[in-house]
Each structure stands twice: as structure tokens, then as C-alpha cells.
Amino acid sequence: MSPAPALIFDLDGTLIDSLPDLAAAVNRMLAAEGQPPMVPARIRSFVGDGAKVLVARVMAERGIDMARHDALAGRLVADYTERSAEFTTVYPHVRETLGTLRSDGHRLGICTNKPAAATASVLDALGLAPFFDCVVAGDTLAERKPHPAPLRAACAALGGDCVFVGDSEVDAHTAEAAGMPFLLFSAGYLRVPRSEIRFAGDFDDFRDLPQFVARVRALT
């Protein structure tokens, strides 16, 4: 069997349910524009490609002048960074599973489209930061997922073979572009049928993750 691969995780929708805080930030932005709130389910459909894309999609939905995009995106990111863990929760069994994986010799990293400041804030607030050896955020490089560069950068920082764990079609496409095995957390923010993406295994309970990692490891 090959050495224990490094495991790289997406953040939103994979390790944490951040939708409540993202929705709250979006609705504070909309309120400041004199707009009514947007239902969380609709906001969820806009999540996954980073804050600037999220804001652009919300603005398009509400017919807000796109000339104001940079200002509104900057306002939302600053607001969300300050209040990123008021309602966000860690998915069940994530902490214990991350501890088990580290004990089993896996190096752990994060690859997310969330901006670095907001990523650091929420990881610290939820007590997850100590589990990870590297973090590649949405503004670490010029490229963001689904471009493979951020995932490859995280893998280079960790060294050796890597497996990517995520919840969305963006994550699946990123792993495919990087030539990396992908494990799907199916209780996250996937917006397309699972039949439309490629994955080496899927799970909805983090207690099952180590067995899927072991299967991938046995095949490499």
C-alpha cells in the first residue's frame, strides 16, 4: 500500500454549513440597498464560485446596476469577514474525523474559494485551524477553483499524493482538472445531479470518510 495521501478539503458545504451566515450577509447588503431579503435556498444556488460571483448573481437577480459590483462585493466581504461564524456550524463528526485522519498519518489542507481573511476568521472561530497544515484561499492565487492551480498549490505545499474532498460540481471539476481523486460529501451544496460529475466515492456522514480514503489509497 502507498504512503498515506494528503487530504485537501473544500470548506463551505464540506466541513461547515456556512449558508446561514452567507445568507445573512447577502440580506444585510440587500437591506442597505432598499431591497427585500432573499430566501436562503435561492442564495444557496449562487454559492460555490467565490464572494464576487455570489454578489454578481444576487445583483443580476435583483436588477442592481452592475457598475456598483466592486463596491457591493467589497462591502459584503468586509461585513461577512467580521460576522462569519455567528450562525455557521461544523458538520457532525468533522472534528473527530479530522483528528482520526491526522492520527493515521494524513496531512490535511484547505482549498476554498472563500477569501483568505474570512477563511482564517471562520476556521479560528470554529476551532478548526489547528487541524490544517496549509490553506489556499480564493485570493491566494490569481486563479480560483475550478482552475486546478489552487488545488495543485495545496498539494505541493503538503507534498506527496493528494485526495480532494468537496461537496460541489466546482470541486469535482477542479479535482478532474488537477488529475486528483475526488471524494464527494453529498450532504453539502451540490447544484447538479451526482450523475453529472465524477468521484471516487461519496458519503454523507464524516465517520465514513476514512474508509473511502483507505479505498482510494489501496488503488494508488
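A short reminder: the numbers here are calculations on the coordinates, not readings from a lab. Nothing here was measured: the structure is a model prediction, and the numbers come from that model. Ideal geometry is used to build each Cβ from the backbone, glycine not excepted, and the neighbour counts take in all protein chains shown.
Each peptide in 114-126, 170-182 gets a packing score, the mean of other Cβ atoms within 10 Å over its residues, and the list from highest to lowest is 170-182, 114-126.
With the highest mean first, a sort of the peptides 70-79, 188-197 on other beta-carbon atoms found within 10 angstrom per residue produces 70-79, 188-197. Please check: in the Gaussian network model of the chain (C-alpha springs, under 10 Å), which one of 49, 205, 65 has the largest mean-square fluctuation. Of the options given, 65 has the highest mean-square fluctuation. Along the Cα-to-Cβ line of residue 86, 7 Å from the Cα, sits a label point; which residues in region 37-64 have backbone N less than 15 Å from it? Within reach of a label on residue 86, which here means backbone N under 15 Å from a point 7 Å along Cα→Cβ, region 37-64 contributes 37-38.
Derived scalar couplings between HN and Hα for region 63-68 equal x, 7, 4, 5, 4, 9 Hz in order, rounded to whole Hz, by the Karplus curve 6.51 cos²θ - 1.76 cosθ + 1.60 (θ = phi - 60°), x for Gly and Pro. With a simple spin-label model that places each label point 7 Å from the Cα along the Cα-to-Cβ direction, the separation between residue 93 and residue 117 comes to 3.7 nm. Isolated cysteines in the chain, defined as those with no second cysteine Cβ under 4.7 Å, comprise 111, 134.
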